[in-house]
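The next block holds one structure in the form of structure tokens; read it before the comments.
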Amino acid sequence: MTLVVRALKGVLWVVVGVLGLSTCQKKAPASSYNYLEGDAQGTTFHITYKDSLGRDFSGSIDSLFRVLDRSMSLWDSTSVIRRINNHEPGVLPDAHFLAVFRRSQEISQLTNGAFDATVAPLVRAWGFSFKKQSAPPEPSQVDSLRQQVGYLKARVVAGRVVFDDPRMEVDFNAIAQGYTVDVLADFLIEKGVRHFLVEVGGEVRAQGRNERGEVWRVGIDKPVAGETPGRPLQAVVRLDGRSLATSGNYRKFIERDGKRYSHSIDPQTGYPVTHTLLSVSVLADDCMSADAFATAFLVMGTDRAFALAEQLKLPIACIYENAPGQLTFRASPDFEPWMIEPE
């Protein structure tokens, strides 16, 4: 079975056979595979695992989703992140929030700010947040909002998040789903599960073998306008003990007054990116890092992305336009061994 990855909201969906729209657990006898799928974190998730004891982990998985939402969901007005963004006094971030915040800061430093969790005010101004905007911001507003953005202006002091500017906020949407995948995968590993695939919003981590006894395969969608997502495939990637995250511009955008704006906001300029890079896929040991680096590379553009990926020894693959309608696929030498020909 090949899992098909398709870009939708800057991360990806994975299509695994015929999917239901509600959460369900397909129970299986011991030593066979269990399937859990449903809706969470504003997207879909799919989990396949083999458990020699035939255990049903659906309740535990649901509980983990709820815990993570209470920590980092921008849609929950009572979540830790919303309370911190509202600058409520005395809010102590939980362990999940701190783990994501600290890794965000590290990746911000490694990417020279191309990834920046404090970009939230700009994301909202351009209409890509849970609060929609009716018009793009004026240049003067962008300049003002840029003063509220900057990872160096945020830190943890005595267990609390401190901002240099009282208008600052954080947004973990470009890293939290990858972290969620890691939390769920680590839970399965702790339970002794050796063969699994976990996917949330298109971010994937897999280990072991699928029900056919083969290495898990994930297909990367080719960004062709008018085509059904999942066909044609640009590439197929083998996953065993690794994570894959893809960030794409070609299906997540807004149009206003006949102009298209990408969802990828450059934290340093305050504007959506305008280069020809359409999709970036990153392989990493943990999905949180793959998720964040994919976002950063999409902001940076093709040449800068490959240069930094080589420096950091991160396998990446990119799809970009040479000319209108002419797509080029480029993979780093350390990404190529994980690829197989699409079926």
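The values are calculated or read from the model by the stated rules, or taken from the named source; none is laboratory data. On a predicted model such as this, the values are computed, not experimentally measured, just so you know. A quick note on method: Cβ atoms are made from the backbone with ideal geometry, for glycine too, and the neighbour counts reach across all protein chains shown.
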Filter result (part of a loop (DSSP other than H, G, I, E, B) and either at pLDDT 95 or above or surrounded by 16 or more Cβ atoms within 10 Å (Cβ to Cβ) (or both)) within the range 23-54: 23, 28, 41, 51
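Conditions (1) hydroxyl-bearing (Ser, Thr, Tyr); (2) touching a Leu at 6+ places or on another chain (Cβ under 9 Å); (3) over 18 Å from residue 338 (Cβ atoms), marked per residue:
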{"position": "188", "(1), (2), (3)": "no, no, yes"}
{"position": "193", "(1), (2), (3)": "no, no, yes"}
{"position": "200", "(1), (2), (3)": "no, yes, yes"}
{"position": "203", "(1), (2), (3)": "no, yes, no"}
{"position": "209", "(1), (2), (3)": "no, no, no"}
{"position": "213", "(1), (2), (3)": "no, no, yes"}
{"position": "216", "(1), (2), (3)": "no, yes, no"}
{"position": "223", "(1), (2), (3)": "no, yes, yes"}
Is the range 245-252 home to any residue that is modelled with pLDDT of 95 or more and within 17 Å of the chain's Cα centre (by Cα)? yes
Where residue 73 falls short, out of the listed (1) farther than 24 Å from residue 40 by Cα; (2) within 16 Å of the chain's Cα centre (by Cα): (1)
Give the residue, chosen from 283, 312, 308, that is under 15 Å from residue 244 (Cβ atoms) and either crowded, with 22+ Cβ neighbours inside 10 Å or not small (Gly, Ala, Ser) (or both). 283
Return a yes/no flag: does the range 216-239 have any residue that is touching a Cys at 6+ places or on another chain (Cβ under 6 Å) and either modelled with pLDDT under 80 or crowded, with 24+ Cβ neighbours inside 10 Å (or both). no
Only one of these is without any contact (Cβ under 8 Å) to a residue 24 or more places away in the chain and of a type in the set (Ser, Thr, Tyr): 144, 104, 71. Name it. 144
Listed by first then second residue, the pairs whose first member lies in the range 41-54 and is touching a residue at least 40 places away in the same chain (Cβ under 8 Å), whose partner is charged (D, E, K, R) and surrounded by 14 or more Cβ atoms within 10 Å (Cβ to Cβ), with beta carbons under 6 Å and at least 6 positions apart or on separate chains, are 46/37; 46/199
What about residue 152, is it in a loop (DSSP other than H, G, I, E, B), modelled with pLDDT of 95 or more and surrounded by fewer than 14 Cβ atoms within 10 Å (Cβ to Cβ)? no
Checked 161, 204 against criteria (in a strand (DSSP E or B) and surrounded by fewer than 24 Cβ atoms within 10 Å (Cβ to Cβ)); the one match is 161
Output for the range 305-343, where each listed residue is touching a residue at least 40 places away in the same chain (Cβ under 8 Å) and assigned to a helix (DSSP H, G or I): 308, 312, 338
